[in-house]
Amino acid sequence: GMERKDLLSANVRIFKEQGQALDKVARKDVKVLVVGNPANTNALICSKYAPSIPKENFTAMTRLDQNRAQSQLAAKLGVPVQDVKNVIIWGNHSSTQFPDASNAI
């Protein structure tokens, strides 16, 4: 597979183009959901190239990491993974992320 730095280089081009397209044709109140690792960094790049759209309208989804955290928590508790809810992943897809199970049920 690709190293994270190589993936980021490829993603810069992609999310720059997407940001420029959004800036050109999207409504200024558009909500942008960025998916693809590193999700937070990709959202930042996209928002940089869409300066007319408020930064708070961009968000990133790290569903893979959330699924992993839910799976590990379910295994630890001995419950089905679908019974684990409200796990939150803070940070970027890297060593800076923090799985938060404080609100998990």
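About its Cα centre, the dipole of the chain is roughly 220 debye, where the only charges are +1 on Lys and Arg Cβ and -1 on Asp and Glu Cβ. Of interest is the spacing of the C-alpha centroids, which for the stretch 76-93 and the stretch 1-44 amounts to 26 Å. The gain in end-to-end length when the Ser9 to Asp29 segment is fully stretched comes to 4.3 nm, 0.36 nm per residue minus the alpha carbon separation. Excluding same-chain neighbours fewer than eight residues apart, the lysines reachable from Lys85 by a Cα-Cα span under 27 Å are Lys31, Lys76. Between amide H atoms placed 1.01 Å from N, distances below 5 Å from Asn37 occur with no residue 5 or more places distant or on a separate chain. The loop-placed trypsin sites (Lys or Arg not before Pro) in the stretch 13-87, going by DSSP, that have at most 13 neighbouring Cβ atoms within 10 Å of their Cβ come out as Arg27, Lys28, Lys31, Lys85.
Just so you know, all these numbers are worked out from the coordinates, no wet-lab data involved. All figures in this text were calculated on a predicted structure; none of them were measured in a lab. Quick reminder, even Gly has a Cβ in these numbers, built from the backbone with ideal geometry, and neighbours come from all protein chains shown.
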